[in-house]
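*Asks:* Following this message is one structure expressed as structure tokens.
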Amino acid sequence: MGSFLLSEERRKWQDPEKILDIVNPPRDGIMVDLGCGPGFFTLPAAVRMGGKGTMIGIDASPKLLSICSQRLAESKGARADLILLELDEMIPFMDGSVDFVLLANVLHDFQKPEALLGEAGRVLKSGGRIVNIDWKKEEQEFGPPHEIRLSLEKSIKMLSNAGFSTQSTPDIGPYHYCVVAGKMHKATG
């Protein structure tokens, strides 16, 4: 599985550097890649940050985190903190401490995706951004089964219900959609 997740074939239809250019995470803040796997997005994000910010990858698989760690060690200048964590648990960060959260190809896998989005909202700063990249709800020759995929509309609704406001839905390729959303400011009173 790790080899497909890092394959050149995948890069042809999901180029992490191009996608990061499109969604433009901050280079000097704290970015969290939830469900980072072997670091397909984590490593290029860490390279982009160039040590100015903090890149954190979180995954439930020790094997995939080990691959990510090895890739980081072999890279030039990329640094990230890696955390082994079941993503249905509380994310180990203070409220409002993170600038940017990335969910790449993982939200459809959760039994309670709303709980994960709630946790992402808890750790994000007011005005912080979340990006959800997931498989289009279409029959395709690979990827997760059609019945567990989330449509773009459902993803946007779930993000809205979790306190996020959709900012854009950029085109990132033939198999995936992308939702960039901001954490809504809480009203005071």
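*Asks:* Output the number of the condition that residue 81 fails; it satisfies all remaining conditions of (1) under 19 Å from residue 4 (Cα atoms); (2) surrounded by fewer than 23 Cβ atoms within 10 Å (Cβ to Cβ).
*Replies:* The one condition residue 81 does not meet is (1).
*Asks:* Here's a follow-up. Within the stretch 116-170, count every residue that is aromatic (Phe, Trp, Tyr), more than 14 Å from residue 106 (Cα to Cα) and surrounded by 15 or more Cβ atoms within 10 Å (Cβ to Cβ).
*Replies:* Within the stretch 116-170, residues that are aromatic (Phe, Trp, Tyr), more than 14 Å from residue 106 (Cα to Cα) and surrounded by 15 or more Cβ atoms within 10 Å (Cβ to Cβ) number 1.
*Asks:* Among the residues of the stretch 163-189, which ones are aliphatic (A, V, I, L, M), modelled with pLDDT of 95 or more and in a loop (DSSP other than H, G, I, E, B)?
*Replies:* Taking the stretch 163-189 and keeping what is aliphatic (A, V, I, L, M), we get 172, 179-181, 184, 187.
The next check asks that each one be modelled with pLDDT of 95 or more; those that pass are 172, 179-181.
Across the stretch 163-189, the qualifying residue is only 172.
*Asks:* Oh, and also: Cβ-Cβ below 6 Å, separation at least six or inter-chain, first residue in the stretch 45-62 and without any contact (Cβ under 8 Å) to a residue 40 or more places away in the chain and part of a helix (DSSP H, G or I), second small (Gly, Ala, Ser) and crowded, with 16+ Cβ neighbours inside 10 Å: which pairs?
*Replies:* 46/78; 46/80; 47/78
*Asks:* Between a first residue in the stretch 77-89 that is outside any strand (DSSP E or B) and a second residue that is of a type in the set (Val, Ile, Thr) and modelled with pLDDT of 90 or more, which pairs have beta carbons less than 6 Å apart while being 6 or more apart in sequence or on different chains?
*Replies:* Final answer for the pair search is 78/47; 80/42; 85/58.
*Asks:* Considering each residue of the stretch 90-130, count those that are in a strand (DSSP E or B) and within 14 Å of the chain's Cα centre (by Cα), and give that number.
*Replies:* Qualifying residue count, the stretch 90-130: 11.
*Asks:* Another one. Scan the stretch 113-153 for residues that are among the hydroxyl-bearing types (Ser, Thr, Tyr) and modelled with pLDDT of 95 or more and report the count.
*Replies:* Restricting attention to the stretch 113-153, the residues satisfying the condition of being among the hydroxyl-bearing types (Ser, Thr, Tyr) are 126, 151.
Within this subset, residues satisfying the condition of being modelled with pLDDT of 95 or more are 151.
So the answer is 1.
*Asks:* Take the residues of the stretch 71-112 that are out of contact with any strand residue (DSSP E or B) (no Cβ under 9 Å at 6 or more places or on another chain) and closer than 18 Å to residue 51 by Cα: which is modelled with the lowest pLDDT?
*Replies:* That would be 77.
*Asks:* Looking only at the stretch 37-59, filter to residues that are farther than 21 Å from residue 13 by Cα and of a type in the set (D, E, K, R); which one of those is surrounded by the most Cβ atoms within 10 Å (Cβ to Cβ)?
*Replies:* 59
*Asks:* Still on this structure: Just the residues that are part of a helix (DSSP H, G or I) and farther than 13 Å from residue 83 by Cα, please, taken from the stretch 29-44.
*Replies:* The answer is 43, 44.
*Asks:* Could you check residue 26 against (1) surrounded by fewer than 17 Cβ atoms within 10 Å (Cβ to Cβ); (2) part of a helix (DSSP H, G or I); (3) touching a residue at least 60 places away in the same chain (Cβ under 8 Å) and say which number it fails?
*Replies:* (2)
*Asks:* Could you check the stretch 100-112 and list, in sequence order, the residues that are over 20 Å from residue 5 (Cβ atoms) and buried (at least 20 other Cβ atoms within 10 Å of the Cβ)? Lay out the reasoning, then the answer.
*Replies:* Just the residues of the stretch 100-112 that are over 20 Å from residue 5 (Cβ atoms), to begin with: 100, 111-112.
Scanning the stretch 100-112 gives a single hit, 100.
*Asks:* What tally of residues in the stretch 105-123 results from selecting those that are polar (S, T, N, Q) and in contact (Cβ under 8 Å) with a residue 60 or more places away in the chain?
*Replies:* Number satisfying all stated conditions: 1.
The values are calculated or read from the model by the stated rules, or taken from the named source; none is laboratory data. If you're wondering where the values come from, they're calculated on a predicted model, not measured in any experiment. Cβ: placed from backbone, ideal geometry, glycine included. Neighbour counts: every protein chain shown.
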